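Asker: Attaching a single structure in structure tokens format; questions to follow.
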Amino acid sequence: MADNDGNAKSKENIVIAGENGDDKEPKIPDTLPVLPARDAVLFPDMILPLVVTTDRDTKLVDHVLLNGRFLALVPMNKETDGPPSTDDMFTHGTAAVVLKMLKFPDDSVRILVQGLKRLKIKKYVQQDPFFIANTKLLEDKVPQRSVRLDALHHSIREQFHKFVNLLPQFPEEVRVASVNITEPGRFADLVASNINISMAERCMILEEDDIRLRLEKLSLLLGRELQIVELGSKIQQDVKSKIDQGQREFFLREQLKAIRHELGEDDDARVEVEELHKQLAEAKLPEEARKEADRELKRLERMQPGSAEYTVSRTYLDWMISLPWQKMTEDRLDVVKARKILDSDHYDLTKVKDRIIEFLAVRKIHPEGRSPILCFAGPPGVGKTSLGRSIARAMGREFVRISLGGVRDEAEIRGHRRTYIGALPGRIIQGLRKAGTRNPVFMMDEIDKLVSDFRGDPSAALLEVLDPEQNNAFSDHYLDAAFDLSQVIFITTANQIDTIPAALRDRMEILNIPGYAEEEKFQIAKKHLIPRIL
């Protein structure tokens, strides 16, 4: 097998024969030994070093050196582990002459070949010990001189010179040859052998004996490669300018630190960042939230304290630190004491109180179970909210309340994204921060008065909050980190059941609290309102 010496695509290995060589063309026989070439395409007038490593190809080289030095170099169209077959090679190749051969101690052979003519394989007449084939030499079809041909040649020349100038490491001999070669066909071969195109694309140029068509195909390939090189050069310049700007800012900051140190001034921003590091460590954030907070803290370290983004990042970190990620209160599930608290706070409501006591009893037996979402439904003033407060007092939990009446923006539930100054978490996260624990009794008043409009459907956002299958990883847009709501006891209130969205209503257990009769109002005033006022 023949391989290009070193990197198969290295342009340093391709040398261009002189423009004014010997006028006497060598007589190339029609039947030639065929050397399969892996990752290498040889064009006429080009000189290419190859490494021969297999016994099969070594025998071919020995035969060629004893019989006129001519061979056919044919590119392979696919990779093979074993010996190549005729199906593994392209139908077109290059008639070449071996200029030099060197043998090395590792039994490898290196040869230097020069391309002479394009050729087409007609028929393989021998396969062992090496390939021999009948070939047809292809002469370049030179079209009549025309404005289109001159314009095409000029365009490719300009593109290639621009391509070469963008690559400082480009071989100097190719630069010189690109200036000296004036014949369009030879120039097309030079360009095709020195730009980064695939083997199939190189073979497409090699197979084309019509110079005009060869130039047209090459123009498309060269235009694509020039765009890639120009884009790469622009990216490198942008990166270099950013690095230079970053180095400049680094030196200026170091000088500023030195000046402040000499003046005896404290670096307030540095002290603040160190304090935030300490507070984050004490907050015991979950892994996901800690990664997000650390990433924001690193951004904060690179910002100027007076910038607007600094304020946004600082506020975000304050929220992350102050949320009760791990803080919980211990439940006091004493049903007898709970009944006394309910009776002292509310008159009558026997059925509702019985259901609440059942609810607490189940929590006592199975603390890790999924509790139903209680919804107190009834007219205003019947004690729906105060029942929730009594439940919290009976369980020894914190109580937090939000009103959903008139809420029409989904961001009120899920929070705002941190894309502008003034963004805040949603009401759920705000309520938990206010409660100071992650397992409060959370009352949502007026759930029947949610409104949907173009800003989103807040009831859809509440589905995740109230669903025990999902709320263990509630996603607030502002936090960008999951918060566990599974330990929160949610209680809702409503005046009318019919206006509660159906999907939400299915997740709740409705407890109806009717209005009071005159005698009940008298007893409430006597036993509860007047003593409270006094």
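Asker: Counting just the residues of the range 175-219 that are farther than 21 Å from ALA40 by Cα, open to solvent by 40 Å² or more (accessible area, probe 1.4 Å) and not charged (D, E, K, R), which one comes out nearest to the chain's Cα centre (by Cα)?
Answerer: The selected residue is LEU213.
Asker: Next question, about the same structure. Could you tell me which of the residues ARG438, ARG532, ARG433 is basic (Lys, Arg) and in a loop (DSSP other than H, G, I, E, B)? Quick ask: steps written out before the conclusion?
Answerer: Numbers: ARG532 fails: in a loop (DSSP other than H, G, I, E, B); ARG433 fails: in a loop (DSSP other than H, G, I, E, B).
Every option except ARG438 fails the conditions.
Asker: Take residues that are modelled with pLDDT of 85 or more and under 24 Å from LEU138 (Cβ atoms) and tell me which of the helices (runs of 4 or more DSSP H) falling wholly in the range 158-253 contain 3 or more.
Answerer: On the way: elements: 172-180, 184-192, 199-207.
Per the criteria, 184-192, 199-207.
Asker: Oh, and also: Restricting the range 352-385 to residues that are without any contact (Cβ under 8 Å) to a residue 12 or more places away in the chain and more than 22 Å from ALA494 (Cα to Cα), which is surrounded by the fewest Cβ atoms within 10 Å (Cβ to Cβ)? Show your work before the answer.
Answerer: Quick first cut of the range 352-385, residues without any contact (Cβ under 8 Å) to a residue 12 or more places away in the chain only: 354, 358, 362, 365-366, 368-369, 381.
Narrowing the set further to residues that are more than 22 Å from ALA494 (Cα to Cα) leaves 362, 365-366, 368-369.
Values: VAL362: 14, ILE365: 9, HIS366: 10, GLU368: 7, GLY369: 10.
Filtering the range 352-385 for residues that are without any contact (Cβ under 8 Å) to a residue 12 or more places away in the chain and more than 22 Å from ALA494 (Cα to Cα), the one surrounded by the fewest Cβ atoms within 10 Å (Cβ to Cβ) comes out as GLU368.
Asker: Against the conditions (1) open to solvent by 50 Å² or more (accessible area, probe 1.4 Å); (2) farther than 18 Å from SER322 by Cβ; (3) touching a helix residue (DSSP H, G or I) at 6+ places or on another chain (Cβ under 6 Å); (4) touching a residue at least 24 places away in the same chain (Cβ under 8 Å), where does ARG427 fall short? Just the number, please.
Answerer: (2)
Asker: Can you tell me which residue within the range 71-88, out of those that are in a strand (DSSP E or B) and farther than 13 Å from PRO33 by Cβ, is modelled with the highest pLDDT? Can you show your working first?
Answerer: The initial filter retains those residues of the range 71-88 that are in a strand (DSSP E or B), namely 71-76.
Now restrict to residues that are farther than 13 Å from PRO33 by Cβ: 75-76.
Working: PRO75: 91, MET76: 87.
Of everything passing the filter in the range 71-88, PRO75 is modelled with the highest pLDDT.
Asker: Hey, can you tell me all the residues within the range 148-174 that are of a type in the set (D, E, K, R), open to solvent by 60 Å² or more (accessible area, probe 1.4 Å) and under 44 Å from the mean Cα position of the chain (by Cα)?
Answerer: Just the residues of the range 148-174 that are of a type in the set (D, E, K, R), to begin with: 148, 150, 157-158, 162, 172-173.
This time we only want the ones that are open to solvent by 60 Å² or more (accessible area, probe 1.4 Å), so: 148, 150, 158, 162, 172-173.
Of everything in the range 148-174, those that are of a type in the set (D, E, K, R), open to solvent by 60 Å² or more (accessible area, probe 1.4 Å) and under 44 Å from the mean Cα position of the chain (by Cα) turn out to be GLU158, LYS162, GLU172, GLU173.
Asker: Based on what the data block shows, is LEU317 in a loop (DSSP other than H, G, I, E, B) and either of a type in the set (Phe, Trp, Tyr) or at pLDDT 85 or above (or both)? Step through it out loud before you land on a result.
Answerer: Working: in a loop (DSSP other than H, G, I, E, B): no; either of a type in the set (Phe, Trp, Tyr) or at pLDDT 85 or above (or both): yes.
So LEU317 does not fit the description; no.
Asker: Let me spell it out: the conditions are (1) within 30 Å of GLN237 (Cβ to Cβ); (2) among the hydrophobic types (A, V, I, L, M, F, W, C); (3) touching a residue at least 24 places away in the same chain (Cβ under 8 Å), and VAL164 meets all of them except one. Which number is the exception?
Answerer: Unmet condition: (3).
Asker: What residue, among those in the range 89-114 that are without any contact (Cβ under 8 Å) to a residue 12 or more places away in the chain and in a strand (DSSP E or B), is most open to solvent (accessible area, probe 1.4 Å)?
Answerer: Step by step, filter the range 89-114, then rank; the result is LYS103.
Asker: Under 6 Å between Cβ atoms, which residue pairs at least 6 apart in sequence (or on different chains) link something in the range 386-412 that is in contact (Cβ under 8 Å) with a residue 60 or more places away in the chain with a partner that is assigned to a loop (DSSP other than H, G, I, E, B) and surrounded by fewer than 20 Cβ atoms within 10 Å (Cβ to Cβ)?
Answerer: MET395/ASP331; GLY396/ARG332; ARG397/THR329; GLU398/THR437
Asker: Something else now. Within the range 366-386, can you find the residues that are under 23 Å from ASP467 (Cβ atoms) and part of a helix (DSSP H, G or I)? Steps first, please.
Answerer: Within the range 366-386, the subset under 23 Å from ASP467 (Cβ atoms) is 366-377, 384.
Passing the criteria: only LYS384.
Asker: Give the number of residues within the range 475-499 that are crowded, with 22+ Cβ neighbours inside 10 Å, in a loop (DSSP other than H, G, I, E, B) and among the β-branched types (Val, Ile, Thr).
Answerer: Looking only at that region, the number is 1.
Asker: Kindly provide the set of residues from the range 260-271 that are modelled with pLDDT under 75 and open to solvent by less than 100 Å² (accessible area, probe 1.4 Å), ordered by number. Spell out the reasoning first.
Answerer: Quick first cut of the range 260-271, residues modelled with pLDDT under 75 only: 260-270.
Within the range 260-271, ARG260, GLY264, ASP267, ALA269 meet the criteria.
Asker: Further, regarding this structure: Do we have GLU464 as among the charged types (D, E, K, R), in a loop (DSSP other than H, G, I, E, B) and either more than 18 Å from ARG427 (Cβ to Cβ) or touching a strand residue (DSSP E or B) at 6+ places or on another chain (Cβ under 8 Å) (or both) here?
Answerer: Details: among the charged types (D, E, K, R): yes; in a loop (DSSP other than H, G, I, E, B): no; either more than 18 Å from ARG427 (Cβ to Cβ) or touching a strand residue (DSSP E or B) at 6+ places or on another chain (Cβ under 8 Å) (or both): yes.
Criteria not met by GLU464.
Asker: Going by the structure shown, is SER322 open to solvent by less than 100 Å² (accessible area, probe 1.4 Å), of a type in the set (S, T, N, Q) and within 29 Å of the chain's Cα centre (by Cα)?
Answerer: no
Asker: Out of the residues in the range 55-82 that are touching a residue at least 40 places away in the same chain (Cβ under 8 Å) and within 45 Å of the chain's Cα centre (by Cα), which is nearest to PRO26 (Cα to Cα)?
Answerer: Out of the qualifying residues, it is LEU73.
The values are calculated or read from the model by the stated rules, or taken from the named source; none is laboratory data. Predicted model only: the values in this text are computed from it and were never measured. Please note: Cβ atoms are built from the backbone with ideal geometry, for glycine as well, and neighbour counts cover all protein chains shown. Side chains are part of the model used for accessible areas, which takes the heavy atoms of the whole protein and leaves out ligands, DNA and RNA. Shrake-Rupley method; radii C 1.70, N 1.55, O 1.52, S 1.80 Å.
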